[in-house]
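Student: Here it is, the structure, as structure tokens.
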Amino acid sequence: MTALAAPPEPPETRGRRILAPGLTIGALALATVALHFRDPHQHGSWGLCPSAAMGVYCPGCGGLRAVNDLTNGDVGAALSSNILVTLMIPVATVLIAIWALDRWQGRSRHLSWHRLRPAVIGFVVVAVVFTVLRNTGTGAWLAP
């Protein structure tokens, strides 16, 4: 008795391919709109950050305020709230756009860890240095 091969799966539809990027973009847009209308500059409006409550500013502290400032067109205030988040927003936007475009066109990129590792290590180093600096006197100007 011979085993029958399973029939090939039909190609994934465009709607199915863009579901994950579409949901991601939608969720980020919804969060951005919420941050525009519910001002994180008001103490406790989005809850309290545990690390900031202990007196330690994490790399994300001030990120919500930075997004709110950007939605109001105030780039200087956004940079003052969290320069790292403010500078990473365009990078993240481009990466998400590439992901969405690739999925729209039916392409899928697979970066090997060997090629991705330097960027990941570089970002982690920048985030650690940023965190240390914003919690010391030398980089107090980086604190939110």
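Student: Tabulate in residue order the Karplus-calculated ³J(HN,Hα) for the range 107-121, using 6.51 cos²θ - 1.76 cosθ + 1.60 with θ = phi - 60°, rounded to whole Hz; enter x for Gly and Pro.
Tutor: 9, 9, 9, 10, 8, 6, 4, 4, 7, 7, 3, x, 5, 5, 4
Student: Now for a different question. Show me, for the range 63-79, the HN-Hα J-couplings you get by feeding each phi into the Karplus relation (A = 6.51, B = -1.76, C = 1.60, θ = phi - 60°), rounded to Hz, glycine and proline as x.
Tutor: Each residue's phi maps through the Karplus curve to give x, 5, 5, 4, 5, 4, 4, 5, 5, 9, x, 9, 5, x, 5, 5, 4 Hz.
Student: Could I ask something else about it? Under 17 Å from a label point 7 Å along Cα→Cβ of ALA143: give me every residue in the range 50-78 with its amide N that close.
Tutor: Counting backbone N atoms under 17 Å from the label point, the list is 50-63.
Student: Tell me, what is the FRET efficiency for GLN105 and THR136 to the nearest 0.05, using R0 = 35 angstrom and their Cβ-Cβ distance as r?
Tutor: Plugging the Cβ-Cβ distance into 1/(1 + (r/R0)^6) gives 0.15.
Student: Moving on. Counting Lys +1, Arg +1, Asp -1, Glu -1, what net charge surrounds LEU35 among other residues with beta carbon under 11 Å of its beta carbon?
Tutor: Residues close to LEU35 contribute a combined charge of 0.
Student: Which label belongs to the value computed from this structure, given these candidates for volume of the Cα convex hull per residue in Å³: (i) 186; (ii) 124; (iii) 151?
Tutor: (i)
Student: Using helices alone, I'd like the mean residue ellipticity at 222 nm for the chain: each DSSP H run of four-plus residues gives -39500 (n - 2.57), total over residue count, nearest 500.
Tutor: Details: 7 runs with 88 residues, N = 144.
Calculated from helices alone, the mean residue ellipticity at 222 nm is -19000 deg cm²/dmol.
Student: Consider just the alpha-carbon atoms of the range 89-137 and return their Rg together with their Dmax, both in angstrom.
Tutor: According to the Cα coordinates of the range 89-137, Rg and Dmax are 15.2, 50 Å.
Student: For the chain, calculate the relative contact order in percent as a whole number, restricting contacts to Cα pairs under 8 Å that are 6 or more residues apart.
Tutor: Relative contact order of the chain: 27 percent.
Student: Using only the Cα atoms of the range 37-117, build the gyration tensor, take square roots of its eigenvalues as a ≥ b ≥ c, and label the shape rounded, prolate or oblate: rounded if a/c is under 1.5, else prolate if a/b is larger than b/c, else oblate.
Tutor: In terms of gyration-tensor shape, prolate.
Student: What is the Cα centroid distance between the range 89-133 and the range 1-75, reported in whole angstrom?
Tutor: Cα centres, the range 89-133 to the range 1-75: 15 Å.
Student: Can you work out ³J(HN,Hα) from phi for every residue in the range 95-100, in order, using Karplus 6.51 cos²θ - 1.76 cosθ + 1.60 and θ = phi - 60°, giving whole Hz and x for Gly and Pro?
Tutor: These are the phi-based 3J(HN,Hα) values: 4, 5, 5, 4, 4, 5 Hz.
Student: How far apart, in nm, are two points set 7 Å out from the Cα along the Cα-to-Cβ line at LEU23 and at ALA77?
Tutor: So the label points at LEU23 and ALA77 sit 3.4 nm apart.
Every number here is computed from the coordinates shown, using simple stated rules; none is lab data. The structure displayed is predicted, hence computed values, not measured ones. Glycine gets a Cβ as well: all are built from the backbone with ideal geometry, and neighbour counts include every protein chain shown.
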